[in-house]
Amino acid sequence: MNQVLLIKHLVSLKKKMGKGELGDDYDERIKRINYYQAWTRERILKMTPEDVYEYISKLWAMLIWGNKQYVVDKILSENGEDNFKQQLANLLWSKDTIEKRWDSFRTEIKHMGPAMISEILCHTHPDHYMIWNRRAHIGFKYLEIAELPRYDYQVTGKVYTNLCAHAKQISKIMKDEGFNDYTLLAVDYFIWHELQVKGNLSAMFEDQEPTDTLGKDSRENSGFIHNDIRDKLAEIGTFLGFDSKTEVKVAEGSKVDATWEYRIGNLGRVIYVFEVQTRGSIDSLIMNLLKALNNPAVQGVVAVSDKEQLEKILRYSNEIAPLKGKLKILNFDDVLKIYDSMAYVNATINELGLVPEGF
């Protein structure tokens, strides 16, 4: 970490605070901490769907969504209400290590990524856990912190623990520099106010080469990669106005990873099917897509993987008549770039408040 840069910006922040340029952000921090800390394990387990909506919709990570109710309903329906509450209670209040709690929650719960999970942790335990999102990445990179995760799937419990350790270093220096509030939530506000050196969040990876193969990541984190790409495919579909779902049954004993569905009045449905391949059998992927094509509403099937595996999938599918010419391919790296760009666009538009969420 470049401590010269860090202290330079801490001095700048202190000057802004002295001039009253930061408004009431300290009061906002206290309100957020008080709200989330009030949700004890017992209260979380007794949450109603309305409670869950209020709890999740307050998160900054939800700014990318115009219709927050739709997103919360999907979280509850696809994870199960009781399972979601149990996993959330364990994430926040279990005595297991944060590394284990983080990995368990990410494995069990769909449609909640590192930004949302870390924000809940930080608001509930601001002395211990940081908020990890694109702005934190920009700030840490500017401070020359090495080996930062590029993609959400790379943020395992072990990686998140290391990121929090860096945030605690900043917190300690804030304390040494005389800041009254040096929690990791205060660190987040510092990053927001002082370290956003990229004018556009969509440019945060502009100096990095694309990843053509899953390689080592696939061997070590195949489950996280698969689930992250699966969920982002569904969320891209939602951004585009489709009714998107994950883990959809297409035949007895067969599920596909994600679907985009659109209803055309009383005429019927149009469905697009996606299968994500990180490791495992290509035969299984091909079989699932073939079964999906038996549904006349399915207008397209898409295999999603890295460059190397997509070439194998195409060669294999060209020998299967029902798939020849119908199978589309999508590189996982493109999925992640599309998601980042669309999330940025949606967050920016939603901040304008042009379209109210409604009743």
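How many of the residues in the stretch 80-99 are surrounded by 13 or more Cβ atoms within 10 Å (Cβ to Cβ) and either in contact with a strand residue (DSSP E or B) (Cβ under 9 Å, 6 or more places away or on another chain) or among the basic types (Lys, Arg) (or both)? Residues in the stretch 80-99 being surrounded by 13 or more Cβ atoms within 10 Å (Cβ to Cβ) and either in contact with a strand residue (DSSP E or B) (Cβ under 9 Å, 6 or more places away or on another chain) or among the basic types (Lys, Arg) (or both): 1 in total.
This table checks each residue for (1) within 18 Å of ASN346 (Cβ to Cβ); (2) in contact with an Asp or Glu (Cβ under 6 Å, 6 or more places away or on another chain); (3) touching a residue at least 40 places away in the same chain (Cβ under 8 Å); (4) assigned by TED's automatic domain parsing to the domain that holds GLU247.
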{"site": "LEU45", "(1), (2), (3), (4)": "no, no, yes, no"}
{"site": "PRO49", "(1), (2), (3), (4)": "no, no, no, no"}
{"site": "GLU54", "(1), (2), (3), (4)": "no, no, no, no"}
{"site": "LEU59", "(1), (2), (3), (4)": "yes, yes, yes, no"}
{"site": "VAL72", "(1), (2), (3), (4)": "yes, no, no, no"}
{"site": "LEU76", "(1), (2), (3), (4)": "no, no, no, no"}
{"site": "GLY80", "(1), (2), (3), (4)": "no, no, no, no"}
{"site": "ALA89", "(1), (2), (3), (4)": "no, no, yes, no"}
{"site": "PHE105", "(1), (2), (3), (4)": "no, no, no, no"}
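Considering GLY300, GLY265, the condition of being without any contact (Cβ under 8 Å) to a residue 12 or more places away in the chain, under 24 Å from THR238 (Cβ atoms) and not hydrophobic (A, V, I, L, M, F, W, C) is satisfied by GLY265 alone.
Residues of the stretch 91-147 that are over 26 Å from TYR53 (Cβ atoms), under 15 Å from the mean Cα position of the chain (by Cα) and of a type in the set (D, E, K, R): ASP103 alone.
The values are calculated or read from the model by the stated rules, or taken from the named source; none is laboratory data. Please read all numbers here as calculations on a predicted model, not as lab measurements. Note that we place each Cβ from the backbone using ideal geometry, even for glycine, and neighbour counts take in every protein chain shown.
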